[in-house]
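The values are calculated or read from the model by the stated rules, or taken from the named source; none is laboratory data. Keep in mind the model is a prediction, meaning the values are calculated, not measured. Every residue, glycine as well, gets a Cβ built from its backbone with ideal geometry; the counts of neighbours run over all protein chains shown.
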Ligand code: S3P
């Protein structure tokens, strides 16, 4: 059984086939972006092992190269070298900075660039990124004295920045978003006094961990580490970074292994940072058969291998606002999992999904319904009635990488073949997804 490309963008996906074997998912996307950004503003050499060689981190690297940072080519299996230019060393680019499809690139660069006094930057992106809200970052940065302009009253790219001397501030963020938090932390590095960010709930904390390792004067306090303080003035020093595998990429295999009869998969070298492991909490509630082996610490992040086996009766689950920050990117694949649970699953508190690369609630509802799933879409979530048989259908990633991969897993459980349009979107975060998919099925 095999999946073949019927033309450049569509992929024929045959039903059935258990998934067996080992897979090593590519490097964590969030950590890869941060390694590139922080390495660039540190002094001296930063080396990065396991950096994700995919379109999103390439966008970050090419923006940084346009500002004079030397970054070696990002190739699978090769250590990336970044010659840091120091906190004030980024040059004014000769052209606009193209962030491609990557929200993390645009939002973190906003934070990084607003404090480069007197320099002018323009950030742009693809059709999807140009629709996404940027005011959520621009607004708090303005409280620090930043000057950011853009379409829709500053909310949409292209965005233009004129660097200013920033002032320290105490800023409460409106949503638990690591992109907003990280942008403020980056701006805080060159402010004239202390800055504190307070999140409504803890979002992924890779920036805090890595900035500290680079030598930033950063402290985490408050209930659940939601208060983060940065004192400016510290010099960041180049580091050796090892990027663990991305749990958001592992999630496709963890769900596939749980729902497809006869499957057994070991996903190796998965990052297990507790701000990212909501998917494991939900799979356990589903009574999936998961085992974490070989748990270790790699360069300040917990890592392990995860073994998953098919379970005949999966329990339905409930996701609410509290857990969303810990599994925000896994909702599409969990909506596929819900189709195979024994009862009704509820996804609530997930309105953030509507402003990701696509409106992921609407897209998953549309595509799974086309396959015969029984579900209802709500403003902040989905109600999914498990047990309705899926049929092969003409489906579409609608350009979203996580939707493409989620639908690929759903197609294995459908009766009859599916034709997935715009399957190439997977390359945004997981360039080898389709070859891993083929290999695990054989
Ligand atoms: C990311 C944070 C998340 C996530 C995105 C990557 C990051 O966004 O959805 O894929 O690297 O900071 P929010 O924290 O803004 O929800």
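A compact table of results
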| read-out | value |
| --- | --- |
| Residues of region 67-84 classified as free of Cβ contacts under 8 Å to residues at least 60 places away in the same chain and buried (at least 19 other Cβ atoms within 10 Å of the Cβ), total | 5 |
| For residue 257: the one exception among (1) assigned by TED's automatic domain parsing to the domain that holds residue 387; (2) outside any helix (DSSP H, G or I); (3) at negative phi | (2) |
| Residue ranges of helices (runs of 4 or more DSSP H) in region 97-166 with at least 2 members away from the ligand (no atom under 15 Å from the Cβ) and over 20 Å from the mean Cα position of the chain (by Cα) | 135-143, 151-154 |
| When residues of region 13-49 are limited to those that are within 16 Å of the ligand (Cβ to nearest atom) and assigned to a strand (DSSP E or B), the one farthest from residue 265 (Cα to Cα) | 48 |
| Selection within region 167-177 - away from the ligand (no atom under 16 Å from the Cβ) and under 27 Å from the mean Cα position of the chain (by Cα) | 170 |
| Residue pairs meeting the criteria (Cβ under 9 Å; at least 6 apart or on separate chains; first under 12 Å from residue 63 (Cα atoms), in region 97-109; second modelled with pLDDT under 95 and more than 11 Å from the ligand (Cβ to nearest atom)) | none |
| Residue check for residue 315: more than 23 Å from the chain's Cα centre (by Cα) and either within 30 Å of residue 239 (Cβ to Cβ) or buried (at least 19 other Cβ atoms within 10 Å of the Cβ) (or both) | no |
| Filter result (closer than 20 Å to residue 254 by Cβ, touching a helix residue (DSSP H, G or I) at 6+ places or on another chain (Cβ under 7 Å) and not in a helix (DSSP H, G or I)) within region 415-442 | 429, 430 |
| Among the candidates 178, 187, residue that is in contact (Cβ under 8 Å) with a residue 60 or more places away in the chain, in contact with a helix residue (DSSP H, G or I) (Cβ under 6 Å, 6 or more places away or on another chain) and within 23 Å of residue 39 (Cβ to Cβ) | 187 |
